[in-house]
Amino acid sequence: MADDSPGWVVLGAGGHARSVVDVLERAGHTVVAVSGGETGGEPWHVDVLTDDREAFELIAVRNLRAVVAIGAGQARSTLVRELLERGLAAPPVVASTATVSPRSVLGPGTVVLEHAHVGPATRVGEAVIVNTGAIVEHDCRVGAGTHVAPGAVLLGGASVGGGVLVGSGARVLPRVSVGVGATIGAGAVVTAHVADGQTVIGVPAVTRGVGRASRTGGNP
């Protein structure tokens, strides 16, 4: 992934940003700065900008590349969209230990972290996180702003709408669809369609309700 670009600015200064900076630096890139409020922990070894407006100016003036490394899906999508509308470069970032099929498509601002996999004929939208050890198998569709958490798996032909959280260790079975803005609980196994905005948990996954849980609807 290393190239001759003058460097990167990472929008975000929390834990996810630390992972993204590590991916970039281990691939031989220079990270010029991170942007945003620090969330504690070890001091940053790169410059920390006070806000995103300062970051946008730095990226434009020095012709840098940008990656948005914040966990909140809507905020991440908004920042990636603003970068693109300003004509600033926000290409996908792929860890050197990840495998991404050349017959897949990654949208702008998407990040594929260590030991993750994206299979052939899969289309991943903009501002998506495919987190550490996550698997997005062949023929999947992943909407903008979605987060596939560490160890989660989307099996062949699964479809996930925009702004979805697929929790750590969750499984979405082949050809099952998950609606926009849904949440899949950690460790859940999704065997049937999940409606827009729905939260499902358990094995097999059921809808989380008030005082009870009900099974998700039928297969699409």
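The values are calculated or read from the model by the stated rules, or taken from the named source; none is laboratory data. Computed from a predicted model, the values in this text were never measured in an experiment. Methodologically, a virtual Cβ is constructed for each residue, glycine included, from the backbone with ideal geometry; neighbour enumeration extends over all protein chains shown. Calculation scope for accessible area: heavy atoms of the full protein, side chains included, ligands and nucleic acids excluded. Shrake-Rupley method; radii C 1.70, N 1.55, O 1.52, S 1.80 Å.
Summing Lys, Arg as +1 and Asp, Glu as -1, what charge do residues with Cβ under 14 Å from the Cβ of VAL118 carry, VAL118 excluded? Please list the in-between numbers first.
Working: positive: ARG103, ARG123, ARG141; negative: GLU114, GLU137, ASP139.
Around VAL118, the charge tally is 0.
Local charge sum around THR99 (other residues, Cβ-Cβ under 14 Å, Lys/Arg +1, Asp/Glu -1)? Intermediate results must be reported in sequence, preceding the final value.
Working: positive: ARG103; negative: GLU114, GLU137.
Residues near THR99 contribute -1 overall.
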From highest to lowest solvent-accessible area (probe 1.4 Å; ligands, DNA and RNA excluded), ARG18, ARG141, ARG123 read ARG123, ARG141, ARG18
Can you put THR78, THR110 in order of accessible area, largest first, using a 1.4 Å probe?
-> THR78, THR110
A correct Karplus calculation of ³J(HN,Hα) over the stretch 117-126, with 6.51 cos²θ - 1.76 cosθ + 1.60, θ = phi - 60°, whole Hz and x for Gly and Pro, returns 9, 10, x, x, 6, 9, 10, 10, x, 6
Using only the Cα atoms of the chain, build the gyration tensor, take square roots of its eigenvalues as a ≥ b ≥ c, and label the shape rounded, prolate or oblate: rounded if a/c is under 1.5, else prolate if a/b is larger than b/c, else oblate.
-> prolate
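Report the antiparallel proportion of the DSSP beta bridges in the chain as a percent, rounded to a multiple of 5. Working shown, then result.
Values: 6 of 49 bridges.
So the antiparallel bridges in the chain amount to around 10 percent.
Roll a 1.4 Å probe over the protein chains and send me the accessible area per residue for the chain in Å². Write out the running numbers ahead of the final one.
Numbers: 9540 Å² over 220 residues.
On a per-residue basis, 43 Å².
What is the local net charge at ARG53, summed over the other residues whose Cβ is closer than 12 Å to its Cβ (Lys, Arg +1; Asp, Glu -1)? Walk me through the intermediate numbers first.
Working: positive: ARG86; negative: ASP51, ASP52, GLU54, GLU57, GLU82.
With Lys, Arg at +1 and Asp, Glu at -1, the neighbours total -4.
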Per-residue HN-Hα couplings for the stretch 189-200, Karplus 6.51 cos²θ - 1.76 cosθ + 1.60 at θ = phi - 60°, whole Hz, x for Gly and Pro?
-> 10, 8, 10, 9, 3, 10, 6, 3, x, 7, 10, 10
VAL190 long-range amide H proximity, modeled H, under 5 Å = ARG171, VAL172, LEU173, ALA205
May I ask what percent, to the nearest 5, of DSSP beta bridges between residues of the stretch 92-220 are antiparallel?
-> 15
Carbon and sulfur together cover what percent of the accessible area of the chain at a 1.4 Å probe radius?
-> 52
Estimate the FRET efficiency between HIS115 and HIS193 by the formula 1/(1 + (r/R0)^6), using the beta-carbon distance for r and 30 Å for R0, to the nearest 0.05.
-> 0.55
Starting from the amide H of VAL160, placed 1.01 Å from N in the peptide plane, find each other amide H under 5 Å away whose residue is 5 or more places distant or on another chain.
-> ARG141, VAL142, GLY143, VAL178
Any idea how far apart ARG62 and THR97 come out in nm if each label point goes 7 Å out from Cα toward Cβ?
-> 2.8
Ranked by accessible surface with a 1.4 Å probe, highest first, in what order do TRP8, TRP44 come?
-> TRP44, TRP8
